[in-house]
């Protein structure tokens with residue numbers, strides 16, 4: 001064995017993740033008196049999917065609206081698979097958690113002295129609930145970043161956490177690789193919070209950044225935690241088809257363009273009549289994504305493998321709102337399609353794209369997982385959204401549960417002692433991770449394996465699924481795991497800032513997470529929410545109104561169980 | 001089209017000196033600098049260190065110099081001939097990667113007021129529309145550090161001057177009713193004296209609005 005060295009940090013609470021959930025958890029844990037470390041893959045203090053968010057935050061702002069109505073909408077959208085305890089908490093605290101953000105130094109976007117600037121009504125919401133901010137999420141992320149520094153959270157940037165350290169079903173810390181130095185380090189902690197976000201990078205086209213490789217799901221799975229609803233991947237219908245840099249990045253939904261908007265395929269047919277004759281273009285995001293995906297896959301797309309949005313019949317007030325409330329999307333719109341399309345005077349091409357993940361680590365109302373000392377929050381945690389998420393509720397979930405996770409981890413840490421990590425075990429793990437350092441040219445680089453995973457996931461576990469496709473994906477993924485992982489090499493052996501070292505760890509996470517999605521999707525022999533099985537196109541409440549829960553068994557295999565829905569209370 | 005790319009390579013820990021490596025490759029005119037960096041990393045130089053995160057002009061992490069002008073790599077389209085350097089004036093980690101964290105911590109060190117907790121306040125405070133609009137504009141910053149890197153005064157006296165980013169942060173704080181206005185005024189006073197009003201920061205800023213000029217105007221009005 002090579003001589004392996006690593007340094008060590010100690011905290012009461014360590015948080016893994018670089019977005020809003022991680023930051024809010026860190027601030028709350030610190031306020032509760034804990035010494036807090038935060039490990040993020042990025043060099044920004046707060047980034048993740050949060051900094052890319054454009055869609056705003058949903059809360060019960062409107063007169064007449066209230067937690068019960070909001071809860072009902074969340075659960076209806078979620079195909080009633082939601083953990084009702086969690087959904088209730090989100091619905092009850094949506095407004096107060098949102099307004100609390102001002103106490104971290106984030107000033108909200110106001111219209112005048114006492115009203116928020118834009119509250120938009122999105123699909124599936126019984127009342128207008130969507131707060132939109134002219135900075136999109138930049139103002140929020142930078143304010144939270146400064147709050148982290150003010151409160152002396154030890155933020156360690158540009159690190160990839162490679163393993164969760166667990167001893168006797170108790171989380172004891174993490175093992176991480178610094179991209180900057182190329183060195184490994186162990187963090188011992190009384191409590192660990194996973195806030196690693198979603199898994200967009202598992203898909204060929206996604207609105208997410210390439211850093212969201214499903215790390216938290218894979219680590220939680222490996223440590224024996226329960227994961228639920230892993231088949232529930234959300235897609236969004238309208239995204240840029242080109243150029244390559246912008247491919248899959250988000251435009252949004254037809255509703256952004258107002259009531260005159262129409263969708264056409266490459267043959268000039270207004271195809272939504274086939275998928276949702278009543279609501280047409282104003283259908284839910286899952287049906288619209290499925291329709292766009294199907295038209296393109298069955299050869300009715302344009303020559304660029306896209307479908308066409310015609311926004312020409314529009315209300316100028318809605319165009320103005322588009323320009324001011326999603327300025328970033330508008331700027332990109334102009335960049336990609338030119339001025340006439342930017343003014344909605346010409347049709348433009350779009351593709352569907354992966355957007356969000358509803359499933360994840362099972363948590364209770366305090367963000368506790370089934371592993372002692374391990375907490376999860378944000379997109380990596382499952383349950384709030386069930387089988388599908390309403391617009392604007394991703395950030396609401398983060399604002400409500402971020403501080404809950406931080407407080408409950410700090411409370412847990414108070415009564416605990418640090419459990420020193422198992423040094424020989426860590427050395428073995430590092431050695432295993434490092435055994436990939438081979439000569440360039442003799443094997444396959446991490447990005448090549450990533451491309452293979454992303455391709456099979458998009459084609460077989462995208463908006464439209466069936467048994468044959470899912471089995472093909474499982475075969476492809478198993479094959480990569482058995483035959484390619486052991487010939488994965490770093491293109492260069494440099495230690496410092498060598499992206500391949502980080503990406504090699506990500507490939508492992510991607511395969512594990514992809515297989516969890518695939519097996520869960522194969523098990524659910526019905527269609528519900530975002531999970532659409534061509535071979536089982538209808539929902540079947542008598543058999544499937546329940547959650548699919550995955551856990552790793554003692555022999556390393558997968559236990560698949562179905563469990564009753566968590567009721568309110 | 002065929003593009004020629006001179007890439008700066010340097011590891012400050014290596015003891016050797018910086019150099020340029022030249023790559024010639026095919027690219028579409030719609031590709032960005034970031035696309036080219038990814039292509040070179042995958043196909044030609046796996047040891048190349050470069051940074052990016054969101055890929056859609058939000059996080060500010062991919063800022064580099066292209067032919068002597070700073071830009072966000074994920075926004076800037078390619079040119080037939082490109083010389084790509086790291087942002088100058090910031091500590092270098094390796095190749096195109098600067099130490100952003102050190103640069104932020106530096107501003108915090110010079111502005112201890114940033115480190116103070118905002119005063120407890122009503123969660124929802126009334127704000128007049130003009131202040132709100134200005135605050136919203138000032139907080140559209142990408143925190144890409146291009147302004148800091150381009151500022152000649154900051155290059156001359158990095159130990160004393162908070163730089164354009166520090167001035168922007170002060171301006172943001174001055175509009176936030178949760179902060180103590182008099183102290184911010186004092187901090188801003190000395191920084192404003194050092195600034196030479198050359199306007200380079202606002203010329204290089206990738207934001208669509210001239211937020212750095214607006215920050216100066218906000219502080220001068222105070």
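Every read-out reported here was derived from the displayed coordinates using simple, explicitly stated rules and does not represent laboratory data. Being a predicted model, the structure only gives us computed values, none of them experimental. Positions of Cβ are generated from backbone atoms using ideal geometry, with glycine treated the same way; all protein chains shown enter the neighbour counts.
Structural remarks
- Put the Cα centre of region A:407-479 next to the Cα centre of region A:150-209 and the gap is 13 Å.
- Degrees, to the nearest 10: B:100-110 long Cα axis against longest axis of chain B: 20 degrees
- Normalised by the number of residues in chain A, the average gap of Cα pairs under 8 Å and 6 or more apart makes the relative contact order 22 percent.
- Cα gyration tensor, region B:2-97 - rounded (a/c under 1.5), prolate or oblate: oblate
- Annotation: the residues A:120, A:274, sorted from fewest to most other C-beta atoms within 10 Å of their own C-beta, follow the order A:274, A:120.
- Computed over region A:436-563: relative contact order in percent, which uses C-alpha pairs under 8 Å that are six or more apart: 28 percent
- Legend: mean number of C-beta atoms from other chains within 10 angstrom of residue C-beta atoms, peptide A:136-144, equals 4.
- Cα-based shape type of region B:99-221, given that a ≥ b ≥ c are square roots of the gyration tensor eigenvalues and the cut on a/c is 1.5: prolate
- Three-way shape call for region A:50-90 based on the alpha-carbon gyration tensor, with the a/c threshold at 1.5: oblate
- For chain A, share of DSSP beta bridges that run antiparallel, in % to the nearest 5: 65 percent
- Crossing angle, helix A:327-337 versus chain A [Cα axis fit, 0-90 degrees, rounded to tens]: 70 degrees
- Compactness index (Cα Rg / 2.2 N^0.38 Å), the protein assembly as shown: 0.90
- Antiparallel bridges, percent of DSSP beta bridges restricted to chain B (to nearest 5): 80 percent
- Between residue B:17 and residue A:554, the distance separating the two model label sites (each 7 Å from Cα on the Cα→Cβ line) works out to 6.6 nm.
- Spin-label pair residue A:423/residue A:62, simplified geometry with 7 Å Cα→Cβ offset, distance in nm: 6.3 nm
- Rounded tilt (10° steps) of B:181-194 against the dominant C-alpha axis of chain B: 50 degrees
- DSSP-defined beta bridges in region B:2-97 - what % are antiparallel, rounded to 5: 80 percent
- Ranked A:290, A:428, criterion: other C-beta atoms within 10 Å, fewest first: A:428, A:290
- For region A:15-126, the relative contact order is 20 percent, taking Cα pairs closer than 8 Å that sit 6 or more residues apart in sequence and dividing their mean separation by the residue count.
- Fewest-first ordering of A:344, B:169 by other beta carbons within 10 Å of each residue's beta carbon gives A:344, B:169.
- Between residue A:334 and residue A:170, the FRET efficiency from the beta-carbon distance, with R0 = 41 Å, is close to 0.15.
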